[in-house]
Structure formats: structure tokens, C-alpha cells
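K.L.:
Take this structure, written in C-alpha cells, and hold onto it; I'll ask about it next.
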Amino acid sequence: MRDIIDELIYDFGNLFKALKRELFDSWFGLLFMLSGLIVQYITYKTTDAAFISLVSGSAGVISVVLCSQKKWLFYAFGWLQLITYCVLAYEQRLYGELIENGFYGVMMLIGMWTWLCHYNRETAEVETRRLSKLGLIKTVGSMIIAIVILNAALSMTDDTQPLLDSATTVPAFIGQILLTYRYREQWLFWFIIDVGSIIMWLIAGDYCMAAQFVFWTFNCIYGFYKWSK
């Protein structure tokens, strides 16, 4: 009996190590994720946010932390966040957000494959890349031009926040492309998106979504640090 118990403890220990290796790379990463989930729950309980906002926000917290730690499993939670977020964006008539997330869906399918092709099983992390200075300058210039054009187009619809919608949509396209192809500079564009999204969802009155983007803003700093190592 003692041998069986020792074997079960050994197997459980190995399983825990395997899960830890795939899900988070440090205790800080785990505690950071838990803090985001707690904020989501408190926001949900203290406001009139819908349950789907809690689901979307929680999935978003988990996915971005896994992404910052270069874990392929972030895609699993990313799909849940994407679907629920699209429902919320449709209810608020944020059409730029819907276009953006439709693009996310296509790029996530590509990203799942590209990340697998460059996934280091020994470290349980994806191998990352960096943009050149010239590449970054060209990318930022293209972003500004595209924001102006999209704002003009959305202003001719019943979009409730065309400028903020544009300012969060265009960088998202760029960030998602950089994410798919494993570039560190994605986090600079996600930072722009997250700050604009905080304002947008506060105006819309959905505090769970606003809380999610506050957490995502801090995660951009964490992610940039992790992807720079």
C-alpha cells in the first residue's frame, strides 16, 4: 500500500510539473493571472455587467497572460474571449470591433500553426522575433494613415464612437499580424489599443470590459519584458 501511495504522489507531482510548465513559467505569472481574475469577479459583482462580460473578461485575462509567457495554449482561451467579445461589441454597435475580431479569427488560425512550427518543447515557449527600427517606423506611419481613413468611413455609419473605434481597430490589425508572426513589438500596439478600449468601454458603461483592458494594459508591460528576454 505504501508503494502505491508513493507512486501516486510521484505521478501527481510529475503531472503538476507538466501542467505548470505548459500553463505558466513562474509563480509571479500565476499570481498575476489570479489578480486579474479576482478584479474581473469583483467588478462583475459590484456593477450591473452581464455574465457574458465576466466570461469574456476572464478568458481575456487568462489568454493574454499565457501569450505574454509565450505559451501556445493562449489560443484556446483566446477563442472563448473572441466569441463572447463579438457578442458584446454587436450589442454596443461597435462595428470596427466586429471587423477587428473577425480578422483576429482568421489570423488566430494561421497563428496556431506558425506558433506550433516555432514552439520549443524544451522550454515550452514559442521562439520570438524583433522588428528593425525602419520596420517599426513604417508600421507606425501606416497605422496613423489607416486610422484617419477608417474614422472617416465609420463617421458615415451609426457607429457610436467612430474615432475611438478606429483608434483601437487599426492597431489591433497590426498587433495581431505581429503576434501571429511572433514579433515582440506587438506589445507596443496592444498598449495603444488597450488604453483606447478602456475609455471606449467606460463610455459604453461595461465596467467588466473596462477592467479587462486595464489588466491588459499592465500585461503589455509584462509581455514586452518577457518577449525581450
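Values in this text are rule-based calculations from the coordinates and carry no lab data. These numbers were taken from a predicted model, which means no experiment stands behind them. FYI the Cβ positions are ideal-geometry reconstructions off the backbone, even for glycines, and counts take in every protein chain you see.
K.L.:
Return an integer: the convex hull volume of the alpha-carbon atoms of the chain, in Å³ per residue.
P.N.:
Details: hull volume 30.0 nm³, N = 229.
Convex hull of Cα atoms, per residue: 131 Å³.
K.L.:
Contact order normalised by length for region 74-139, with contacts defined as Cα pairs under 8 Å and 6 or more residues apart; what percent is it?
P.N.:
Computed over region 74-139, the figure is 21 percent.
K.L.:
Among the trypsin sites (Lys or Arg not before Pro) within region 126-201, which fall in a DSSP loop and have no more than 14 other Cβ atoms within 10 Å of their own Cβ?
P.N.:
Here the trypsin sites (Lys or Arg not before Pro) that fit, given the DSSP loop and packing criteria, are ARG130.
K.L.:
Next question, about the same structure. Would you mind pulling out the separation of the Cα centroids of region 104-140 and region 187-229, in Å?
P.N.:
20 Å
K.L.:
How are the C-alpha pair distances of region 123-227 spread across 10 Å bins, as whole percents from the shortest bin up?
P.N.:
Binned Cα distances yield the sequence 15, 41, 32, 11, 1.
K.L.:
Please compute one quarter of the surface area of the Cα convex hull for region 170-222 and express it in square nanometres.
P.N.:
In nm², the orientation-averaged hull projection of region 170-222 is 3.4.
K.L.:
Let me ask you something else. Ratio of region 63-126's C-alpha Rg to 2.2 N^0.38 Å, to two decimals?
P.N.:
The value comes to 1.26.
K.L.:
222 nm [θ] for the chain, helices only, -39500 (n - 2.57) per DSSP H run of 4+, per residue, to 500?
P.N.:
Here the helix-only value at 222 nm equals -27500 deg cm²/dmol.
K.L.:
Still on this model: Counting only other residues whose beta carbon sits under 12 Å from that of LEU82, what net charge do I get with K and R as +1, D and E as -1?
P.N.:
Once all neighbours under 12 Å are counted, the net charge is -2.
K.L.:
What net charge is computed for the residues neighbouring ILE192, neighbours being all others with C-beta under 14 Å from the C-beta of ILE192, Lys and Arg scored +1, Asp and Glu -1?
P.N.:
-4
K.L.:
With r defined as the distance between the Cβ atoms of MET156 and LEU109 and R0 fixed at 30 Å, what FRET efficiency is calculated, to the nearest 0.05?
P.N.:
On the way: r = 31 Å, r/R0 = 1.04.
My answer for the efficiency is 0.45.
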